[in-house]
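Note sheet for the following structure.
The values are calculated or read from the model by the stated rules, or taken from the named source; none is laboratory data. Note that the coordinates shown come from a computational prediction; the quantities given were computed from them, not determined experimentally. All Cβ positions, glycine included, derive from the backbone under ideal geometry; neighbour counts span all protein chains shown.
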Amino acid sequence: MEEVIRARGHEHVSAEHASTFEVTTDDYLTPAGDCILAIDADRAPADFDADFADACRDESATITVTIETDDHCQTVAGRGDPSLEFTNDRSAVGRTSEYVDDRTILVGAEFAAEGFDRDLVSDLADGAAVTVTLTVE
């Protein structure tokens, strides 16, 4: 199963956060938002199909997030958790930790914002259109 989010980068994308990465429906970004990879997302976790959310609540589920611009693509994997809510209508957050709140879409991520390829981050900082694909297995 998969969910697809369309968003765009922003000049303040720095991808420097060590424990999270985020995609938000907000249409702005301040320099303090160092975990945010893309803004102006057309969907948030609250919009995801109930079957997708249920599949992600299996602690043995593998959840992958693919961030793709016209020129670069990178995938990060994490896992599901029974506490995942998928109720936030603003932001989707991947975490390297086990922490869960209403924005969390996966825990135990392989890496956070700082681990994304710098060429991809450069595209995002240039405001590139981005497709975010979440897959659960």
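Is it fair to say R118 is out of contact with any helix residue (DSSP H, G or I) (no Cβ under 7 Å at 6 or more places or on another chain), charged (D, E, K, R), surrounded by 21 or more Cβ atoms within 10 Å (Cβ to Cβ) and under 17 Å from I36 (Cβ atoms)? No; evaluated as a whole, the condition is false for this residue.
Against the test of being outside any loop (DSSP other than H, G, I, E, B), of a type outside the set (V, I, T), modelled with pLDDT of 95 or more and under 12 Å from the mean Cα position of the chain (by Cα), the options A46, A53, A92, A41 yield a single qualifying residue, A92. Can you tell me which residue in the stretch 66-86 is farthest from I5 (Cα to Cα), limited to those that are exposed (fewer than 13 other Cβ atoms within 10 Å of the Cβ) and in contact (Cβ under 8 Å) with a residue 40 or more places away in the chain? My answer is D71. Selection of the stretch 1-42 for residues being without any contact (Cβ under 8 Å) to a residue 60 or more places away in the chain, touching a strand residue (DSSP E or B) at 6+ places or on another chain (Cβ under 8 Å) and of a type in the set (V, I, T) yields only I39. Inside the stretch 87-100, residues that are under 24 Å from R6 (Cβ atoms) and either of a type outside the set (V, I, T) or touching a helix residue (DSSP H, G or I) at 6+ places or on another chain (Cβ under 6 Å) (or both) make up a count of 8. Scanning the stretch 11-50 for residues that are under 18 Å from D101 (Cα atoms) and charged (D, E, K, R), we see that the one that is surrounded by the fewest Cβ atoms within 10 Å (Cβ to Cβ) is D47.
Yes/no matrix, rows are residues, columns are (1) among the acidic types (D, E); (2) under 18 Å from A44 (Cβ atoms); (3) modelled with pLDDT of 95 or more; (4) not in a loop (DSSP other than H, G, I, E, B):
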site	(1), (2), (3), (4)
A77	no, no, yes, yes
S97	no, no, yes, no
D102	yes, yes, yes, no
L106	no, yes, yes, yes
A109	no, no, yes, no
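Quick one: is D34 more than 16 Å from A113 (Cα to Cα) and either under 14 Å from the mean Cα position of the chain (by Cα) or at pLDDT 95 or above (or both)? Answer is no for this residue.
Candidates are the residues of the stretch 1-29 that are part of a strand (DSSP E or B) and among the hydroxyl-bearing types (S, T, Y); the one that is nearest to D51 (Cα to Cα) is T24.
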